[in-house]
1. Using the Karplus curve 6.51 cos²θ - 1.76 cosθ + 1.60 with θ = phi - 60°, work out ³J(HN,Hα) for each residue of the range 122-130 in order, rounded to whole Hz, and write x for Gly and Pro.
2. If a paramagnetic tag sat 7 Å from the Cα of residue 133 along the Cα-Cβ line, which residues of the range 160-195 would have the backbone N under 17 Å from that point?
3. In straight Cα distance, which aspartates and glutamates are under 20 Å from residue 103, not counting same-chain residues fewer than 8 positions off?
4. Sequence neighbours fewer than 8 away in the same chain don't count; with that in mind, list the lysines whose C-alpha is under 20 Å from residue 88.
5. Ordered by packing density, taken as the mean number of other Cβ atoms within 10 Å over each peptide's residues, highest first, how do 126-135, 26-35 rank?
6. What is the list of residues in the range 28-44 whose amide nitrogen lies under 13 Å from a point 7 angstrom out from the Cα of residue 199, following Cα to Cβ?
7. Listed highest first by mean packing, meaning other Cβ atoms within 10 Å per residue, what order do 237-248, 178-189 come in?
Amino acid sequence: MADTAPDANAGALAPRQVPRSVAIIMDGNGRWAQQRGLPRVAGHRAGALAVDRVTEEAARLGIESLTLYAFSSENWQRPQGEVDALWKLLVRDLKRRGPKCVKQGIRLISIGRRDRMPPTASAELDRVMHETAGGKRMQLCLALDYGGWWDLGELAERVRQGERAGTLPAGPLTRETLERLLPSAAVPPVDLLIRTGGEARISNFLPWQLAYAELLFLPTLWPEFDAAGLAAACAEFARRSRRFGRVEASPEAALRTAPPPPVAPAVAPPRRRGLAALLRSRR
Ligand code: FPP
């Protein structure tokens, strides 16, 4: 079930109430087009305009990292015509997005597989990443041919290779080491996940970074999402109580902090105790 759209009143948000890292599943392009008797690709084109509005507002609000699910590993299963149209649109969009990002101080990066996307898309991505590398105001990350199973599978592969080559730090594998090796390492822990389009699922998006994210599922179709919608989502985020496993949100626990590091793993696993020993210790 989708949440109802929150009231917009983010103008009053203190900077520390603004989520540092936001991720969005931009769903509903196809339905938006269908409702208007248009081809699905028209919905994606309208969706690209929503990306402009939301990116601009995110930077204005002070969000530091915005990650958009633009093409998932599973999207290859769509009709070939739609897949081709999506990549064509993405390449065209990147060409116009570069100069806009430079003007707004936005650094564009991407996560996901590079070996299956059209070479023109890969080349254009490299070019825009290079063009916008100096942007300090916000990171805009496009997830392209991205899937969480791929991300974690590739992480496991890197650990295996690191073990073979002896390049991993000595001792137990820590969260920090794993985060350095994660292919999507450039995306920080997500504070707020927004999914438009009325469905309430994560769809293989950023499983590592979403571990402690606040989830917001909205009925709005993506092409209709706008600056006010993002501001309202941030206002809803500011009303959430984030405890990160504690009993209450302590005053010193900022709303948008990353979760505290995990308890260090025991160096040696506790010795297994037999039933008799356990019973003896209870006496
Ligand atoms: C899901 O809606 C959307 C996509 C698979 C593509 C997202 C692409 C864009 C927003 C356009 C371009 C992106 C950028 C970054 C410029 P859907 O097609 O599944 O919608 P439906 O559920 O209504 O069918």
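1. For the range 122-130, the Karplus curve yields 4, 5, 5, 4, 4, 5, 5, 4, 5 Hz.
2. Under 17 Å, as judged by backbone N against the label point of residue 133, lie 186 of the range 160-195.
3. Candidates past the 8-residue exclusion: 52, 56, 57, 64, 93, 124, 126, 131.
4. Of all the lysines, those that pass the test against residue 88 - Cα under 20 Å, at least 8 places apart if same chain - are 100.
5. Numbers: 126-135: 15.6, 26-35: 19.9.
Put in order of decreasing packing, that is 26-35, 126-135.
6. 28-31
7. Details: 237-248: 12.7, 178-189: 17.2.
By packing density, highest mean first, the sequence is 178-189, 237-248.
Computed from the coordinates by the stated procedures, all read-outs in this text should not be read as laboratory data. This one's a predicted model, so the numbers in the text were calculated from it and none came from an experiment. Using ideal geometry, Cβ is built from the backbone for each residue, glycine included, and neighbour counts are taken over all protein chains shown.
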